[in-house]
Each structure stands twice: as C-alpha cells, then as structure tokens.
1. Name the residues of the stretch 279-319 whose amide N is less than 12 Å from a point 7 angstrom out from the Cα of PHE208 along the C-beta direction?
2. Beta carbons within 10 angstrom, averaged per residue: use that to sort the peptides 280-288, 123-131, 317-325, highest first.
3. For GLN58 and VAL38, what is the calculated FRET efficiency with R₀ set at 35 Å and r taken between the beta-carbons, to the nearest 0.05?
4. Kirkwood Rh, the chain, all Cα pairs: how many Å?
5. Once fully extended, how much extra length lies between TRP317 and ASP332, figured as 0.36 nm per residue of separation less the alpha-carbon to alpha-carbon distance?
6. Give me a comma-separated list of calculated 3J(HN,Hα) values for the stretch 254-271, in order, Karplus coefficients 6.51, -1.76, 1.60 applied at θ = phi - 60°, integers in Hz, x for any Gly or Pro.
7. Given the convex hull over the Cα atoms of the stretch 21-133, what projected area results after averaging over all orientations, in nm²?
8. Just want to confirm a number: the relative contact order over the chain, from Cα pairs under 8 angstrom separated by 6+ residues, in percent.
Amino acid sequence: MSVDLLYDWLNESIPFLSGNSLLLLLAIVIPAILLFLVIAVNAIVLVYAERKVSAFMQDRVGPMGQGVGLHAGKWGMLQTVADALKLISKEDIIPRLADRKLFIMAPFVIFVGAFIAVIALPFGETLIVADMNIGIFYILAVSSFGVIGLILAGWSSNNKWSLYGGMRSAAQIISYEIPAGLSLVTVIMLTGTLSMQGIIQYQSGGLFDWIVFSSPFSFIAFIIYFIAAIAETNRTPFDIPEAESELVGGFHTEYSGMRWSFFFLSEYANMLVVNGVAVAAFLGGWQSPIPGYLNSPGWGVFWFISKILVLVFVMMWVRWTFPRLRVDQLMDICWKYLLPIALFNIFGVGIWTLIFG
C-alpha cells in the first residue's frame, strides 16, 4: 500500500481526521512503528549473539542447526524466533492478590522509558527521529522513567521477594545514574552543546579527534560511564535486582509469557540506548575513524551501529568474566569510587581545557 493510498484509506475510515490532523497522525504512527521494529529486531539479534558469545567463552556448542525435535535454522538463527513464539503462546498469569492494574501496567512503563529514549539517538548524519538541542539531557531524563516501572512491578506483585528486587533495582539504577551523568558533563563542557548531533560534529576529523582520546580525563570519564551503563541495564556483574540465587527472579518473579518478555525486551533496548549515547558522546558517533574516507551518510549508519555492537560485545564479555557482586560491594563501587572520580574528572577536564584547549 503506497503512502497516498494509506492517506486516502485513513481519511475515509476516520472521518473526523482530515488535512493537518491526519498528517500529524501519520507523522507520529509511522516512526513509532519503525522504532518498535528496530527495538524488536535489536532484541532478537542481541539474544542470539549473547547465546553464541557465551557459548564460545564457556567452550560449549550454543544454538545449532538441530535442536531436540526442532530445526532451529542455519547456525541456530531461528532459536530466538522460536522462543519469541513460545512466549507469545504461553499463558498469562496474574496472582490473585496482586494489584491487577499496576501489575499489567509495569512492564509497559519500563518499555516506554527505553522506547522514547531511542528517538534522540543519531544513527546517521540525517537519520534521527528528533534532533533536539537538549538531546543528551532528554535521553538521561526519559531513561530514568523505567525506575517507576520496576517499583510498580515489585509492589503490585504482592510478593516480598519481588518487592525486595524492585527496591534494590531502583536504588541501583538511581545510584549509578549519578556517575554516568557526571561523566557526560565532561562531554558537555568540551563541546558546549547538549545536542547529540552537535556533540558528534565536534568530533569530526578522525579517530584521534574523538572525545575519548582528547585527554586522560575524558578517557576515564568514558570508562566510568561504561561501568555505570552496565549497572543501569542490570547486566552481570551488577544484576543484583534479579539475583536468582537470592530472589528467585527479583521484581519479575510473578510475571509470565509476553509480560515477562517485555522486561527483557526493555533490557536490550536499554543496552542500545546507553551504548548509543557512549558512541555519540565519546567515540565519534557516525563519524569515520579514517579522516576524509568512508564518511558518506550510508557509511555513517554503518559506523554508528558497528561501534554500538562492539560495546555490546564488551558488555557480554564482562558478563561471562566477572562474578556477581554483593549488594554492599555494588554500592561501594558507585559511592566510594565512581562518584568521587567522576567529580574529580570534571575539574580535571576544566583545567586541561584551560591549559591545552
């Protein structure tokens, strides 16, 4: 169906919509559908990649062509699709004593926080849904929205283990947002803008013009941000909120089927967001590492996605390398180490800029 036919069909089907109202509806719905598809495909690809990466690191097979009674496709590529179909078909159970409305709402609240953050990610020089002049501030603000959903999920389940998991998750994410935000302050100091595209334009010129290499302090800021990003996405070794050995499943213990899968869809969407911010803020965004070469709009999308995938691989590498931290260790790392270093970095970048800038 062409855009003109779709326009005519909507005009006839919804009589109270016409002219500018219909164009506004199309301008909202079409990007929303495309973004949802990006997030869904992102989750399918990353789940498959994580299975393969973890299998390689643990010296085991992982998803292969033939499962038990199931043909999982070439190299097991259909295994994740099969899991998605299984989750769709599973029974959706709501505990009898749960707060039904909040229980249903919680997974979608978490997903919306990740979903609306993606619109400010610059996948290319012109490929961005909303190029806001406060883009990096917007992403930090809306990505915190998911904390509400975590608390709702724990509270509404009427399960003490779910409540513990929800509160621990909220405490962890709120804590680690502080060093992550302070690390991005150093980027704003250097570039003088909150625009994601403006920050990337500042890094034009090649590999050594990227902010991560502009000073020792900015490199440390990148490391702090990346550690905090792992914690914010509840990835191992910071997956305390869903510690299976302690809390059965944490805040999502009582969830099943598609509602349960939305938590993990949101987790992989958050991985896309936090790594996209890291790429834009520290690693040149869609800029080519080779000065003057491979810098067309098409190559820009390739560079941006490739850099994100490299950081995602490092997250997976960390997951299968380090053991889970205790709660006190997790908070100590944030408040006793990352936060003071991040504050020191702000002064360091300021002094470095005055002397060498």
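Each reported figure results from applying straightforward, stated rules to the coordinates on display, with no laboratory input. As the structure is a prediction and not an experimental result, all values here were calculated from the model. With ideal geometry, Cβ positions are generated from the backbone for all residues, glycine too; neighbour counts draw on all protein chains shown.
1. What the label zone holds, given the 12 Å backbone N cut-off, is 291.
2. Working: 280-288: 26.1, 123-131: 15.9, 317-325: 13.9.
Ranked by mean Cβ neighbours within 10 Å, highest first: 280-288, 123-131, 317-325.
3. Values: r = 30 Å, r/R0 = 0.85.
Efficiency computed from Cβ-Cβ geometry: 0.70.
4. Working: mean 1/r = 0.0455 Å⁻¹.
Taking the inverse mean of 1/r over all distinct Cα pairs, the chain comes out at 22.0 Å.
5. Numbers: separation 15, 0.36 × 15 = 5.40 nm, distance 2.28 nm.
Gain in length upon complete extension: 3.1 nm.
6. Couplings: 8, 8, 8, x, 5, 4, 5, 5, 5, 4, 7, 4, 5, 4, 6, 5, 5, 4 Hz.
7. Details: hull surface 49.3 nm².
Averaging across all directions leaves 12.3 nm² for the Cα convex hull.
8. On the way: 514 pairs, mean separation 72.7, N = 357.
Contact order relative to length: 20 percent.
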